[in-house]
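Trainee: One structure is given below, represented as structure tokens, and several questions about it will come after.
Bear in mind these aren't lab numbers, they're just calculated from the coordinates by the rules spelled out. Please read these numbers as outputs of a predicted model, since none were measured by experiment.
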Amino acid sequence: MQEKCVLIYDDDYEILRISKLILGDEYQQVETYASCENLFEDIERVKPHIILMDLWMPHIGGEHAIQLLRENDKTSNIPVIVFSAVNDIEKISKRINATAMLRKPFSLDELRETVRNYIQ
């Protein structure tokens with residue numbers, strides 16, 4: 001098991017549960033949140049090596065949250081994988097400088113492989 005931390009934001013509790021279960025087999029720490037309103041506090045607390053962010057998040061929204069991460073010197077280098085069912089996910093992920101994207105619905109193997117490819 002790798003000593004890496006994966007931080008996941010999604011407002012779908014089932015996605016959070018399954019993602020934590022699947023990635024928890026490979027990574028020592030998988031933290032999940034249904035809201036990104038405390039984004040910087042969460043990051044300071046868990047010190048993630050990678051972040052998975054749903055675009056449709058309550059409060060500030062995933063797109064805006066990623067923009068905030070990219071504008072901050074302390075968080076700009078953390079790999080961020082956008083995952084969503086929106087049709088223009090590719091365009092959005094490029095515009096906000098996401099590291100990668102994962103289209104919902106995704107397979108468990110796609111989730112594992114995408115995280116594995118981009119985790120620091």
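Trainee: Pick out the long, greasy-scoring helices in the chain: whole DSSP H runs spanning 15 Å or more along their own axis by Cα, mean Kyte-Doolittle at least 0.5. It would help to have the intermediate numbers written out before the result.
Mentor: Working: long enough: 13-24 (16 Å, 0.88); 108-118 (16 Å, -1.20).
Flagged H segments are 13-24.
Trainee: Find the percent of Cα-Cα distances in region 62-120 that exceed 14 Å, and round it to a whole number.
Mentor: 55
Trainee: Here are some values of Cα Rg over 2.2 N^0.38 Å: [x] 1.33; [y] 1.28; [z] 0.94. Which one was computed from this structure?
Mentor: Here the calculated entry is [z].
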